[in-house]
Amino acid sequence: MKNLIFAAVLGGLIVLAGIKILGAPSETKPTVQTQSAFDRVLATHTLRCAYASYDPFLIVGQDKKITGIFHDAVEEAAKRLGLKVEWTEEVGYGNINTGFATGRYDAFCAGLWPAGTRAANTIFSRAVAWDPVGVWVRANDTRFDGHMDMLNDPAYKISAIEGDATAAMADALFPKAGRVMMSQNQSIGEEVAQVTSNKADAVFQDYLSADRFLQNTPGSLKNLSPDKPALIYALTVGFDVHEVELKNMLDVVLSDMDRDGTTRRIVKTYLGDKSNLLFYQQNQFAPY
């Protein structure tokens, strides 16, 4: 009998000790709820935007004032949605998704090319505009004139940024060519400079970015496809891959802005007579 009493007492003590260590079932820790960017935007009436300096799409002045096509378009879209825009953080094109994962911002609002290399962790808004892309070489390089396909050879090198759409472009059009890969933190100017410094033979750049580069270094580059884009990419707003509701909400307003002419008026403010360049629609494009 004494043995039974002792066993019961010992068992009770073991149970109490287990409760002390592990916690009683009724005291389990609450599950942390992760709020989506969409819910947070609706709750705070604020869209937090990351951006990168990319004239004329996003211009960061010396006084840190932000202007540009995408600045004005996103501000107008937010106004129609009853939101304000907080231009939160300047980031590199190669590491945009880091801020999505840590919740530092809700969208990348400076113009983003959709690309397969981004598709696993990014979704894209409808096109705000269309961006024609050329293959650029040194101005005095005549090796590829009329024969752009010659670049698809291990003897030549294409400059590209790791994880960026330019890398996907090179893989698609010139898979046999070598690469001069830039890190994700390096700029578009540095990517192009690999060609002008003879470290690479060619680079993919949109017409407007190349035009800005040539303003500072006139006569340094030429376009191998001046009469027809080598590729054409949509210019979009980017979101974390799970933020479908946020993307859909913005798409509705961007569609309205396209129909009522607002987007074209914004583009014309910055590009004047060149504004039609950004409305070279994908359905007008035939690949090489």
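Here are a few things to note about the model shown:
- Of the residues making up region 75-92, those that are open to solvent by 40 Å² or more (accessible area, probe 1.4 Å), in contact (Cβ under 8 Å) with a residue 12 or more places away in the chain and either more than 18 Å from the chain's Cα centre (by Cα) or within 22 Å of residue 266 (Cβ to Cβ) (or both) number 9.
- Any hit, region 259-273, residues being surrounded by fewer than 16 Cβ atoms within 10 Å (Cβ to Cβ), on the phi > 0 side of the Ramachandran plot and modelled with pLDDT of 85 or more: yes
- Reported count of residues in region 109-149, each being more than 26 Å from residue 196 (Cβ to Cβ) and either out of contact with any strand residue (DSSP E or B) (no Cβ under 9 Å at 6 or more places or on another chain) or of a type in the set (Lys, Arg) (or both), is 5.
- Within region 33-45, residues that are open to solvent by 40 Å² or more (accessible area, probe 1.4 Å) sit with their Cβ atoms under 9 Å from residues that are at pLDDT below 95, at 6+ positions apart or across chains, in these pairs: 34/103; 35/103; 40/103; 43/35.
Conditions (1) in contact with a Phe, Trp or Tyr (Cβ under 8 Å, 6 or more places away or on another chain); (2) without any contact (Cβ under 8 Å) to a residue 24 or more places away in the chain; (3) over 26 Å from residue 108 (Cβ atoms), marked per residue:
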{"position": "193", "(1), (2), (3)": "no, yes, no"}
{"position": "212", "(1), (2), (3)": "no, no, no"}
{"position": "224", "(1), (2), (3)": "yes, no, yes"}
{"position": "253", "(1), (2), (3)": "no, no, no"}
{"position": "273", "(1), (2), (3)": "no, yes, yes"}
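- 1 or more residues open to solvent by less than 10 Å² (accessible area, probe 1.4 Å): qualifying strands (runs of 3 or more DSSP E) within region 180-243: 202-206, 231-240
- Of the residues making up region 106-125, those that are assigned to a loop (DSSP other than H, G, I, E, B) and either over 16 Å from residue 244 (Cβ atoms) or touching a Pro at 6+ places or on another chain (Cβ under 7 Å) (or both) number 4.
- Whichever residue in region 173-212 is within 19 Å of the chain's Cα centre (by Cα) and of a type in the set (Asp, Glu) and, among such residues, is farthest from residue 228 (Cα to Cα): 190
- The sole residue among 219, 189 that is out of contact with any helix residue (DSSP H, G or I) (no Cβ under 7 Å at 6 or more places or on another chain) and touching a residue at least 24 places away in the same chain (Cβ under 8 Å) is 219.
The values are calculated or read from the model by the stated rules, or taken from the named source; none is laboratory data. Please read these numbers as outputs of a predicted model, since none were measured by experiment. Counting neighbours? That spans all protein chains shown, and the Cβs are built from the backbone with ideal geometry, glycine included. In case anyone asks, the SASA skips ligands and DNA or RNA and just uses the protein heavy atoms, side chains included. Shrake-Rupley method; radii C 1.70, N 1.55, O 1.52, S 1.80 Å.
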